[in-house]
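*Asks:* Attaching a single structure in structure tokens format; questions to follow.
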Amino acid sequence: MTTARIRARRLAPLIAGVGATALLLTACSGDSGGETAAPTDFTYLSFAENTSIQDTLTSLSTGSCSAENEALPLDITTQPQASYDQQLQLLAGQNALPVLFASGNSPQVAKDLNDGGKLVDVDAALEELDQSNAIIPAARSTIEALYGGDVYVLPTEFNVEGIWYNKQLFAENGIEEPTTWDELTDAAAKLSAAGVTAFSADGQDGWPLTRLVGNYLFRTIGPDALQKVIDGEASLTDPEYVEAAAAVADLGKEGYFGPSVGSIDYMTAVNQFLTGEAGMFYMGSWILANFNDPEQNKIGAENIGFMPFPHVEGGEGSRDQLAANVGVPLALSEASYGGDVSAWLGCFAENFGSTSLGEQGVITGFAVNEPVEDLPPLTQAVQEKIDATTQSVLWFEALFNAKAATTSQTNASQLVTGAISPEEFMEMVQADLE
Amino acid sequence: MNRVLGDPRAILILLGPALLVYTLVMLVPIFWSLGYTVFEGNPITGFEFVGIDNFVELFNDPKIADALVFTLKYAVVLTVAQVGFGYLLALIYVFWLRKASSLIRTLAFFPVVLPTVAVALLFQELFKIAPVNGLVNDLLNLVGIPSVDWFASPDTAFLVLILMDLWRSMGFYAVLLYAGLVDIPDDLFESARLDGASGWRLVRHIVIPLSLPVLLSSIIFSVNGTLKVFDSVLALTGGGPGNTTTPLTLYMYQTSFTYGEYGYGSSIALLLTIICLLVTIFIFRSSRRDLTKG
């Protein structure tokens, strides 16, 4: 017998042992528990790309919340958005979640964490702190719709979505603000005929296109259109659902998104609108930061109008139901929640809204405790729209799992270029929902 | 010395540390991942034993079929192209450029040392259409052909991907094969020439048979490398449009880390491992017969 074979024979049990241990470890790793000691810092894990929350928190720590910061100093770490969910999975698996953290790339991440009992019940915590009114009603209703009726996240942004339009181009082509889908397509046709791209859209990321599909569904079937799909009462492949995809595909077929929409990225889409190459632009109100920057905005903020997604004739939904989202909400770790953290939360809830609006120009889901002056007129107008909104709707992928959301967004540009049919598109997304 | 090496304890002491490190960094994760295939979940939701469900899904998931077809298509096309062009370059080095080939060799090898992501960005710029045309579309316009949206259709996206990887790896295979070609003794060529062989017949009867071992290694290298392609696809097309340029590796990554299905992701990894193993065995088997007697 050669030495190699002797060695192989000796190794066999070792390898088998390693394999068996691995299996055991795998089986156990799911519920590795353990108590975390009280935190020594107010740790916050942020998306590396989002600086406004970090800046607002830093400002709070030296201003309104300096006493809380004394007791529990703020400590910010960042993680790029693309690998953020993995990082959160790792930390959750090790029971090492930071005190405060961005709740991940999709609402599903926070839902999973909450199901695992890892998140603070923000609603109860705020009530205990006598801050029940800190979250404004519109933001609360959006959170409840997103997370199945519970409030366990902090709305550090509150955005409404709709169609921004170039007033000057509308006037030159004799277009009134469209209130119905037919008027919208007429407007697009007029712009197109005048040699202007009707809609500027980021087809590379896909979501600005699927947002249109979602809004169309909310207008035709009503605000619960997608909840019905999640509950299994309806399917995306039903004719009334496919109709929405077909309506958006038709816009593409007419060339209203311009040539090569699939190769347009976010900033290119923004630039197309802000340089007057495109007449309309579906986007959320976070875009105000770009609109209010004269460096980027060549058409002038006074030339930009905002309209809700139009009514669809014969539909159940209404134009008053603005699409809204809470950006990337923050969540608190249950394991490290206690006296000092709750003091921080109280101060956060009280002051975040006005500090963020005043210093960053970002509208949040928190009540503004001190009036902010000198707001840009466009921001003011949007703020008024938000205050007047009583019912909001979500977006197409809001209630989807990560797989269906990815399928929807990566195939959106193919839907509008006609590479896949509306039926195929809806079938693919529905398949991943099951 | 022989007595020392004959002692099992000595062998254990000498091999032990290396074996331990290898076990920790290679074998444990492999078996760990193997263990995951019968579970489903992720560290947030916890893991649940699901038996063979993941394997059943593997056979029923249309995206697996799409990814598998794309992976194989990519592996075959790119292997043929990069080994073929690499061999051609090597022949040029040896028979045409001879001693002067070092500059060309360096230039052709240069893309190999560039980071994949940088190369992908370069190719995105070259082939882009919005907001302004890239160099390729500009050239097309110059000869009267309208701009092409290269990344909008599966076929053109695949073409750009192959072109990019060919440019990136051709030089590597050329150097590898060159090393095999310079090993062929000169006197063999001399005697072949005396026997009247030249050009194609020289290549067919002397060069190819004698460089076959290194050619075969190149093919195994290439097939295994291309079956596991990940970075260039992720950086260039991101698997799109839709999922038409998504190989198994990218689908595995998305499944595990974006969709949070570690178990199913590990099952895809297992599938990929088996495919690589089968392909390697197949190529080794077919090379076992002595081709010089063929």
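The values are calculated or read from the model by the stated rules, or taken from the named source; none is laboratory data. What you see is a predicted model; the values in this text were computed from it and never measured. Here the Cβ is made from the backbone with ideal geometry for all residues, glycine too, and neighbour counts use every protein chain on show.
*Asks:* Limited to the range A:294-312, what total is found for residues that are in a loop (DSSP other than H, G, I, E, B) and among the charged types (D, E, K, R)?
*Replies:* Taking the range A:294-312 and keeping what is in a loop (DSSP other than H, G, I, E, B), we get A:294-300, A:308-310, A:312.
Remaining after also requiring among the charged types (D, E, K, R): A:295, A:298.
Matching residues across the range A:294-312 total 2.
*Asks:* For the range B:189-219, name all the residues that are among the aliphatic types (A, V, I, L, M) and under 17 Å from B:Ala90 (Cβ atoms).
*Replies:* As a first pass, look at the range B:189-219 and keep what is among the aliphatic types (A, V, I, L, M): B:192, B:194, B:197, B:202-203, B:206-208, B:210, B:212, B:214-216, B:219.
The answer is B:Leu202, B:Val203, B:Ile206, B:Val207, B:Ile208, B:Leu210, B:Leu212, B:Val214, B:Leu215, B:Leu216, B:Ile219.
*Asks:* Write out, first by first residue and then by second, each pair whose Cβ atoms fall under 9 Å of each other, whose residues are 6+ apart or on separate chains, and whose first residue, in the range B:158-181, is of a type in the set (D, E, K, R) while the second is surrounded by fewer than 20 Cβ atoms within 10 Å (Cβ to Cβ) and outside any helix (DSSP H, G or I).
*Replies:* B:Arg168/B:Leu114
*Asks:* Something else now. Could you pull out every one of the helices (runs of 4 or more DSSP H) wholly within the range B:149-224 that has 1 or more residues that are more than 30 Å from B:Leu121 (Cβ to Cβ) and among the basic types (Lys, Arg)? Outline the logic, then answer.
*Replies:* Values: elements: B:154-182, B:186-194, B:199-202.
Helices (runs of 4 or more DSSP H) meeting the threshold: B:186-194, B:199-202.
*Asks:* Would you be able to tell me the number of residues in the range A:244-271 that are under 22 Å from the mean Cα position of the chain (by Cα) and outside any helix (DSSP H, G or I)?
*Replies:* Number satisfying all stated conditions: 2.
*Asks:* Take the range A:190-209 and flag every residue that is outside any loop (DSSP other than H, G, I, E, B) and farther than 14 Å from A:Ile163 by Cα. Outline the logic, then answer.
*Replies:* Within the range A:190-209, the first condition is being outside any loop (DSSP other than H, G, I, E, B), and the residues that meet it are A:190-193, A:197-200, A:207-209.
The answer is A:Lys190, A:Leu191, A:Ser192, A:Ala193, A:Thr197, A:Trp207.
*Asks:* Now for a separate question. Could you give every pair whose Cβ atoms fall below 6 Å, whose first residue belongs to the range B:237-258 and is within 10 Å of chain A (Cβ to nearest Cβ), and whose second residue is crowded, with 20+ Cβ neighbours inside 10 Å and of a type in the set (Phe, Trp, Tyr), counting only separations of at least 6 or pairs across chains?
*Replies:* Final answer for the pair search is B:Thr255/B:Tyr264; B:Ser256/B:Tyr262.
*Asks:* Tell me which residues, restricted to the range A:313-333, are within 23 Å of A:Gly222 (Cβ to Cβ) and in a strand (DSSP E or B).
*Replies:* Residues of the range A:313-333 within 23 Å of A:Gly222 (Cβ to Cβ): A:313-326.
Scanning the range A:313-333 gives A:Leu322, A:Ala323, A:Ala324, A:Asn325.
*Asks:* When residues of the range A:120-161 are filtered for being in contact with an Asp or Glu (Cβ under 6 Å, 6 or more places away or on another chain) and free of Cβ contacts under 8 Å to residues at least 40 places away in the same chain, how many remain?
*Replies:* Result for the range A:120-161: 1.
*Asks:* So, one more: Would you mind stating whether B:Thr23 is of a type in the set (S, T, N, Q), assigned by TED's automatic domain parsing to the domain that holds B:Ala179 and either modelled with pLDDT of 95 or more or outside any strand (DSSP E or B) (or both)?
*Replies:* On the way: of a type in the set (S, T, N, Q): yes; assigned by TED's automatic domain parsing to the domain that holds B:Ala179: no; either modelled with pLDDT of 95 or more or outside any strand (DSSP E or B) (or both): yes.
Against the criterion (of a type in the set (S, T, N, Q), assigned by TED's automatic domain parsing to the domain that holds B:Ala179 and either modelled with pLDDT of 95 or more or outside any strand (DSSP E or B) (or both)), B:Thr23 does not qualify.
*Asks:* For A:Val341, are the conditions met, namely being away from every other protein chain (no Cβ under 14 Å), assigned to a helix (DSSP H, G or I) and not small (Gly, Ala, Ser)? Explain how you work it out, then say what you get.
*Replies:* Working: away from every other protein chain (no Cβ under 14 Å): yes; assigned to a helix (DSSP H, G or I): yes; not small (Gly, Ala, Ser): yes.
Judged against the criteria, A:Val341 is a match.
*Asks:* Testing B:Thr226 on (1) within 14 Å of another protein chain (Cβ to nearest Cβ); (2) modelled with pLDDT of 90 or more, one condition comes back false. Which one is that?
*Replies:* If we test B:Thr226 against (1) within 14 Å of another protein chain (Cβ to nearest Cβ); (2) modelled with pLDDT of 90 or more, just (1) comes out false.
*Asks:* Of the conditions (1) in contact with a Ser or Thr (Cβ under 7 Å, 6 or more places away or on another chain); (2) farther than 25 Å from A:Ala269 by Cα; (3) surrounded by fewer than 23 Cβ atoms within 10 Å (Cβ to Cβ); (4) not polar (S, T, N, Q), A:Lys298 satisfies every one except a single condition; which number is it?
*Replies:* With (1) in contact with a Ser or Thr (Cβ under 7 Å, 6 or more places away or on another chain); (2) farther than 25 Å from A:Ala269 by Cα; (3) surrounded by fewer than 23 Cβ atoms within 10 Å (Cβ to Cβ); (4) not polar (S, T, N, Q) applied to A:Lys298, the lone miss is (2).
*Asks:* For the range B:59-94, enumerate the residues that are over 23 Å from the mean Cα position of the chain (by Cα), hydrophobic (A, V, I, L, M, F, W, C), under 30 Å from A:Glu424 (Cα atoms) and surrounded by 14 or more Cβ atoms within 10 Å (Cβ to Cβ). Don't jump to the end; show me each part of the working.
*Replies:* At the first step, the residues of the range B:59-94 found to be over 23 Å from the mean Cα position of the chain (by Cα) are B:59-62, B:92-94.
From the residues that got through so far, the ones that are hydrophobic (A, V, I, L, M, F, W, C) too are B:59, B:92, B:94.
From the residues that got through so far, the ones that are under 30 Å from A:Glu424 (Cα atoms) too are B:59.
Result: no residue meets the conditions.
*Asks:* Ok, one more. Which residue out of A:Leu274, A:Leu236 is buried (at least 21 other Cβ atoms within 10 Å of the Cβ) and under 22 Å from the mean Cα position of the chain (by Cα)?
*Replies:* On the way: A:Leu274 fails: under 22 Å from the mean Cα position of the chain (by Cα).
Exactly one residue qualifies, and that residue is A:Leu236.
*Asks:* Which condition does A:Arg5 not pass, out of (1) in a helix (DSSP H, G or I); (2) modelled with pLDDT under 90; (3) closer than 30 Å to A:Thr156 by Cα, if it passes all the others?
*Replies:* Single failed check for A:Arg5: (3).
*Asks:* Please determine, by comparing only the residues of the range B:34-64 that are assigned to a helix (DSSP H, G or I), in contact with a helix residue (DSSP H, G or I) (Cβ under 6 Å, 6 or more places away or on another chain) and within 11 Å of another protein chain (Cβ to nearest Cβ), which one is farthest from B:Leu248 (Cα to Cα).
*Replies:* Filtering first and then ranking leaves B:Gly35.
*Asks:* Check A:Ile264 against each of (1) within 14 Å of chain B (Cβ to nearest Cβ); (2) modelled with pLDDT of 95 or more and name the one condition it does not meet.
*Replies:* Condition (2) is where A:Ile264 drops out.
*Asks:* For the range B:95-126, give me each residue that is within 23 Å of the chain's Cα centre (by Cα) and of a type in the set (A, V, I, L, M).
*Replies:* Residues of the range B:95-126 within 23 Å of the chain's Cα centre (by Cα): B:105-124.
Once the filter is applied, which keeps residues that are within 23 Å of the chain's Cα centre (by Cα) and of a type in the set (A, V, I, L, M), the range B:95-126 yields B:Leu107, B:Ala108, B:Val112, B:Val113, B:Leu114, B:Val117, B:Ala118, B:Val119, B:Ala120, B:Leu121, B:Leu122.
*Asks:* Now, a different point. Somewhere in the range A:292-312, is a residue touching a Pro at 6+ places or on another chain (Cβ under 8 Å), more than 26 Å from A:Phe218 (Cα to Cα), among the aliphatic types (A, V, I, L, M) and within 14 Å of chain B (Cβ to nearest Cβ)?
*Replies:* For the range A:292-312, residues touching a Pro at 6+ places or on another chain (Cβ under 8 Å), more than 26 Å from A:Phe218 (Cα to Cα), among the aliphatic types (A, V, I, L, M) and within 14 Å of chain B (Cβ to nearest Cβ): absent.
*Asks:* Residues A:Ala187, A:Ala124: which one is surrounded by 23 or more Cβ atoms within 10 Å (Cβ to Cβ), out of contact with any strand residue (DSSP E or B) (no Cβ under 6 Å at 6 or more places or on another chain) and either assigned to a helix (DSSP H, G or I) or among the β-branched types (Val, Ile, Thr) (or both)?
*Replies:* Values: A:Ala124 fails: surrounded by 23 or more Cβ atoms within 10 Å (Cβ to Cβ).
Only one candidate qualifies: A:Ala187.
*Asks:* Please enumerate the residues belonging to the range A:100-115 that are within 20 Å of A:Trp344 (Cβ to Cβ), part of a loop (DSSP other than H, G, I, E, B) and either facing another protein chain (nearest Cβ under 10 Å) or among the aromatic types (Phe, Trp, Tyr) (or both).
*Replies:* Residues satisfying the conditions do not exist here.
*Asks:* Could you identify the single residue in A:Leu97, A:Leu129 that is at pLDDT below 95 and within 14 Å of another protein chain (Cβ to nearest Cβ)?
*Replies:* Numbers: A:Leu129 fails: within 14 Å of another protein chain (Cβ to nearest Cβ).
Just one listed residue meets the conditions, A:Leu97.
*Asks:* For a quick check of your reading: which helices (runs of 4 or more DSSP H) sit entirely within the range A:355-433 and have at least 2 residues that are within 14 Å of chain B (Cβ to nearest Cβ), buried (at least 21 other Cβ atoms within 10 Å of the Cβ) and hydroxyl-bearing (Ser, Thr, Tyr)? Walk me through how you get there before you give the answer.
*Replies:* Working: elements: A:377-388, A:402-417, A:422-433.
Qualifying helices (runs of 4 or more DSSP H): A:402-417.
*Asks:* hydroxyl-bearing (Ser, Thr, Tyr) and not in a helix (DSSP H, G or I) - does that describe any residue in the range B:91-102? Can you show your working first?
*Replies:* Residues of the range B:91-102 that are hydroxyl-bearing (Ser, Thr, Tyr), as a first pass: B:93, B:101-102.
Subsequent filtering for residues that are not in a helix (DSSP H, G or I) retains none.
For the range B:91-102, residues hydroxyl-bearing (Ser, Thr, Tyr) and not in a helix (DSSP H, G or I): absent.
*Asks:* Those residues that are in a loop (DSSP other than H, G, I, E, B) and either out of contact with any strand residue (DSSP E or B) (no Cβ under 7 Å at 6 or more places or on another chain) or among the small types (Gly, Ala, Ser) (or both), I need them from the range A:159-177; list them, please.
*Replies:* The initial filter retains those residues of the range A:159-177 that are in a loop (DSSP other than H, G, I, E, B), namely A:173-177.
Answer for the range A:159-177, where residues must be in a loop (DSSP other than H, G, I, E, B) and either out of contact with any strand residue (DSSP E or B) (no Cβ under 7 Å at 6 or more places or on another chain) or among the small types (Gly, Ala, Ser) (or both): A:Asn173, A:Gly174, A:Ile175, A:Glu176.
*Asks:* Return a yes/no flag: does the range A:30-52 have any residue that is in contact with a Pro (Cβ under 9 Å, 6 or more places away or on another chain), surrounded by 13 or more Cβ atoms within 10 Å (Cβ to Cβ) and part of a helix (DSSP H, G or I).
*Replies:* Looking for residues that are in contact with a Pro (Cβ under 9 Å, 6 or more places away or on another chain), surrounded by 13 or more Cβ atoms within 10 Å (Cβ to Cβ) and part of a helix (DSSP H, G or I), one finds none in the range A:30-52, hence no.
*Asks:* Also, I was wondering about something else. Against the conditions (1) farther than 17 Å from B:Ser222 by Cα; (2) buried (at least 17 other Cβ atoms within 10 Å of the Cβ), where does B:Leu114 fall short? Just the number, please.
*Replies:* (2)
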